[in-house]
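A.B. asks: Below is a structure I'd like to ask you about.
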Amino acid sequence: MEEFNILEFLNYYWNKIIFVVILTFLGLIASLIFTYRIQVPVFQSKTSLVLVNNSEDNSSITQNDININKNLVSTYREIIQSKLILNKVISNMRLDISYEDLKSHVKVNSVQDTEIINIYVYNEDKRLSKNIAKQIASVFETEIVEIYNIENVSIIDEATVDEEPYNVHVLKQIVIGTGIGFLLSSLIIAICFYFDDTVKSEEEIEKGLKVPILGSVPKYHDKIGSTSGKDLIICSDSKSGISEAIRTLRTNLQFSSIDKKLKTILVTSSVPGEGKSFVASNLAVALANSGSRVLLVDCDIRRGRQHHIFGFPNKKGLSNLLLEDVGQVYRSYINESKIPNLYLMFKGVTPPNPSELLNSEKNKRLIASLSNNFDILVFDGAPINGLADSLVMSTLVDGVIVVTAYKETSKTLLEDTKKNLDNVNANIMGIVLNRTNTNKSKYYGHYYE
């Protein structure tokens, strides 16, 4: 069973606090509607009887009289609710009700260690409730003489009825309704958290996958991908939290490859929509800004979008080049960007066999030629799961960066991605946690793959 992280749960709970407030408020409204519109007020009336001395000498009560009366109390309780008594009450009062119905509205109990019997009657009609209680006491007092031939029952408290309905407790019901709304919302959130398989923290990635986190990139307010240049936050908003995160990623990459010069990097993800193209393009800009001569290659031949990001036409690109003599003509497929030191190669037309093209000897020779002419090659690859394209590319580069989306990507999918890369002996340099929440709220929102 997965370890429960209370801090993660509290953070998850806080992010759902609006849901808690809404459901709690609905519980409050439901309790008010039930109390004032649905619940039928029922009034309680009460009368009390006592078993008195039945000896011939009324001047004194013996212990024997007391014991006899105490033993009769439980019997009398049953007699009061018997058909003999209640049917006579129905007849005397001409009630349009059955014996079973009346019995369900009558409660009889005795006061412990006494000879006192309390009779309670419940009815929606306050006056009727009082009259029924009064009639039951009267009929019982008369009938007990016929049954036992003794007069040992006396009414000590005439029937009274409460002014307020006994079943309506406004404050209590509001508290219960509000509490149910709160508990229900909390339970739903707890269940969702338990079954939520998405990535929720850097710690669980490093602990579960044994893969380092290279960086965390926050969200961005604007919808990215619709207009060229908007994805390049590091150019348009160089002081933003996102730009700082990309520069931190660049630094972490440089420190992770001290012993071996990093020439070729593949940026991929588990599934589409995690922001790999965004990370790849901004990382390429950051590397170019540090003085390296960088070539960004869009090798997501199926759905690559680097030409949209940089605002270039996709007339020809990698797929077209792989059909040519790559050793002679690759320079004509490279586009010079407006950013110093950054060059671009787009995906080209979508062929029927992308993975075969990427696994060809031509592609291997192309990567070797490009490596000789640029300091760093950044490849924007296809998603791993379900496709062989990036698995092929991962064997041809120095290292692989896996982009995963915070609270979007399934941990199971991420585990499958790592397993697939491990199966081909790829060098996984680390993971970039994308679209995280940070305190610099003015800089983030949402962007798309």
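A.B. asks: Those residues that are out of contact with any Pro (no Cβ under 6 Å at 6 or more places or on another chain) and in a loop (DSSP other than H, G, I, E, B), I need them from region 271-283; list them, please.
C.D. replies: Listed by number, the residues that qualify are Gly273, Glu274, Gly275.
A.B. asks: Considering region 284-302 alone, what residues qualify as being assigned to a helix (DSSP H, G or I) and not small (Gly, Ala, Ser)? Walk me through it before giving the result.
C.D. replies: Filtering region 284-302 down to residues assigned to a helix (DSSP H, G or I) leaves 284-289.
Val285, Leu287, Asn289, listed by residue number.
A.B. asks: Going by the conditions given, is Ile301 out of contact with any strand residue (DSSP E or B) (no Cβ under 7 Å at 6 or more places or on another chain), of a type outside the set (Phe, Trp, Tyr) and either buried (at least 22 other Cβ atoms within 10 Å of the Cβ) or within 29 Å of Glu408 (Cα to Cα) (or both)?
C.D. replies: Details: out of contact with any strand residue (DSSP E or B) (no Cβ under 7 Å at 6 or more places or on another chain): yes; of a type outside the set (Phe, Trp, Tyr): yes; either buried (at least 22 other Cβ atoms within 10 Å of the Cβ) or within 29 Å of Glu408 (Cα to Cα) (or both): yes.
Spelling it out, Ile301 is indeed out of contact with any strand residue (DSSP E or B) (no Cβ under 7 Å at 6 or more places or on another chain), of a type outside the set (Phe, Trp, Tyr) and either buried (at least 22 other Cβ atoms within 10 Å of the Cβ) or within 29 Å of Glu408 (Cα to Cα) (or both).
A.B. asks: I would also like to ask the following. I'd like to check which helices (runs of 4 or more DSSP H) are fully inside region 303-350 and have at least 2 residues that are touching a residue at least 24 places away in the same chain (Cβ under 8 Å), closer than 12 Å to Lys362 by Cα and within 44 Å of the chain's Cα centre (by Cα).
C.D. replies: 318-321
A.B. asks: Considering each of Glu324, Glu336 in turn, give the residue that is over 27 Å from Val424 (Cα atoms), touching a strand residue (DSSP E or B) at 6+ places or on another chain (Cβ under 9 Å) and open to solvent by 40 Å² or more (accessible area, probe 1.4 Å). Break it down stepwise before answering.
C.D. replies: Values: Glu324 fails: touching a strand residue (DSSP E or B) at 6+ places or on another chain (Cβ under 9 Å).
Just one listed residue meets the conditions, Glu336.
A.B. asks: Confirm whether Val432 is of a type in the set (Val, Ile, Thr), at pLDDT 90 or above and open to solvent by less than 30 Å² (accessible area, probe 1.4 Å).
C.D. replies: On the way: of a type in the set (Val, Ile, Thr): yes; at pLDDT 90 or above: yes; open to solvent by less than 30 Å² (accessible area, probe 1.4 Å): yes.
Yes: the conditions hold for Val432.
A.B. asks: Now for a separate question. Kindly list, by first and then second residue, each pair from a residue in region 235-246 that is more than 12 Å from Ala286 (Cα to Cα) to a residue that is outside any helix (DSSP H, G or I) and open to solvent by less than 10 Å² (accessible area, probe 1.4 Å), limited to pairs with Cβ atoms under 8 Å and residues at least 6 apart or on different chains.
C.D. replies: Short answer, once both residue conditions are applied: Gly241/Pro218.
A.B. asks: Given the conditions (1) of a type outside the set (Ser, Thr, Tyr); (2) closer than 30 Å to Glu146 by Cα; (3) at pLDDT 90 or above, report the number of the one that Leu51 does not fulfil.
C.D. replies: The failed condition is (3).
A.B. asks: Give the number of residues within region 196-214 that are part of a loop (DSSP other than H, G, I, E, B) and open to solvent by 40 Å² or more (accessible area, probe 1.4 Å).
C.D. replies: To start, the set of residues in region 196-214 that are part of a loop (DSSP other than H, G, I, E, B) comprises 196-197, 199-201, 210-212.
From the residues that got through so far, the ones that are open to solvent by 40 Å² or more (accessible area, probe 1.4 Å) too are 197, 210, 212.
Result for region 196-214: 3.
A.B. asks: Hey, another quick one. How about region 304-321: which of its residues are more than 19 Å from Glu356 (Cβ to Cβ) and open to solvent by less than 70 Å² (accessible area, probe 1.4 Å)?
C.D. replies: Residues satisfying the conditions are Arg305, Gln306, His307, Ile309, Phe310, Gly311, Phe312, Asn314.
A.B. asks: Just give me the residues in region 368-427 being among the hydroxyl-bearing types (Ser, Thr, Tyr) and surrounded by 24 or more Cβ atoms within 10 Å (Cβ to Cβ), in sequence order.
C.D. replies: Ser390, Thr404, Thr409, Thr417
A.B. asks: Let me ask something else about it. Return the only residue of Phe193, Phe278 being among the aromatic types (Phe, Trp, Tyr), crowded, with 21+ Cβ neighbours inside 10 Å and at pLDDT 85 or above. Full working, then the answer.
C.D. replies: Working: Phe193 fails: crowded, with 21+ Cβ neighbours inside 10 Å.
Exactly one residue qualifies, and that residue is Phe278.
The values are calculated or read from the model by the stated rules, or taken from the named source; none is laboratory data. Quick caveat, the model's predicted, so the values are computed rather than measured. When we count neighbours, we look across all protein chains shown, and the Cβ atoms used for this are built from the backbone with ideal geometry, even at glycine. Calculation scope for accessible area: heavy atoms of the full protein, side chains included, ligands and nucleic acids excluded. Shrake-Rupley method; radii C 1.70, N 1.55, O 1.52, S 1.80 Å.
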